[in-house]
1. Using a simple spin-label model with points 7 Å from Cα along the Cα→Cβ vector, what separation in nm is obtained for residue 103 and residue 49?
2. Output the antiparallel fraction of DSSP beta bridges having both residues in the chain, as a percent to the nearest 5.
3. Describe numerically, in nm with one decimal, the distance between label points set 7 Å from Cα along Cα→Cβ at residue 132 and at residue 91.
4. Per residue, how much accessible area does the chain show when a 1.4 Å probe rolls over the protein heavy atoms, in square angstrom?
5. What number in nm² do you get for the chain if you take the convex hull of its Cα atoms and divide its surface by four?
6. Using all C-alpha to C-alpha distances in segment 41-110, build P(r) with 5 Å bins and read off the rounded percent in each one.
7. For each pair in 12/51; 19/105; 90/119; 31/111, compute the distance between the two Cα atoms and list the pairs where it is over 26 Å.
8. Going by Cα centres, segment 61-103 and segment 1-39 are how many Å apart?
Amino acid sequence: MKRIEHIGIAVKDLDAANKTYEAVLGAEHYKTEVVESEGVSTSFFEIGESKIELLAATDPESPVAKFIEKRGEGIHHIAFYVDDIHAEIKRLKGEGFRLLNENPKPGADNKLVAFMHPKDANGVLVELCQERPSPALPDVEGA
Ligand code: ZN
C-alpha cells in the first residue's frame, strides 16, 4: 500500500460538518458526491497528499447510518492508495484476511474500492482504493 489516500468520517449532517471541517482545515470542500450503491452523500477536502471524506447517510438502512446508530459520529474508515487493487486483494486474501468485497467496486471520487473486514484489522475498517482507469480517449491523430 502506498499512502493514506483519505480518512472517512461518518457525520449526521453533511452541511453542518462541511462548515465545521472548513473551519478546522482552513480549506473549502472541493466536491460532494452521492454514492447510491452505498446510500451515502460524501464531501471531500484535500490536505496535502491525503483527503478527508465526510460521509452522511442518505438511507436509514445504509452501512453509515447503522455505524452512527451503533457508535455515533466519528472516524469510519481509513483508505490506502494501491496501484493494483486486484493484486492487493489477492495478497491480503493470501495473508488470511477477509475482504468485504472480493471484487473491487466503483466508489466516490472516481475510485475503484474494496473493504477489509474490520474484525481482521483491530476494529478498523480498511479501504483499498485505486484510481479508476479512464476510458480510452478517441484517437484524433490525423483527424
Ligand atoms: Zn472512503
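1. Going from the residue 103 label point to the residue 49 one covers 3.2 nm.
2. Details: 29 of 38 bridges.
Rounded to the nearest five, the antiparallel share is 75 percent.
3. The answer from the label model is 2.4 nm.
4. Numbers: 8530 Å² over 143 residues.
Result: 60 Å² of accessible area for each residue.
5. Values: hull surface 43.2 nm².
Over all viewing directions, the chain projects a mean Cα-hull area of 10.8 nm².
6. Result, from short to long distances: 3, 12, 19, 21, 19, 18, 7, 0 percent.
7. Working: 12/51 19 Å; 19/105 30 Å; 90/119 18 Å; 31/111 14 Å.
Over 26 Å Cα-Cα: 19/105.
8. If you average the Cα positions of each part, the centres end up 17 Å apart.
The values are calculated or read from the model by the stated rules, or taken from the named source; none is laboratory data. As the structure is a computational prediction, the values presented were derived from the model and not from experiment. Don't worry about glycine lacking a Cβ; one is built from the backbone with ideal geometry, like all the others, and counts go over all protein chains shown. Accessible surface areas use protein heavy atoms only, side chains included; no ligands, DNA or RNA. Shrake-Rupley method; radii C 1.70, N 1.55, O 1.52, S 1.80 Å.
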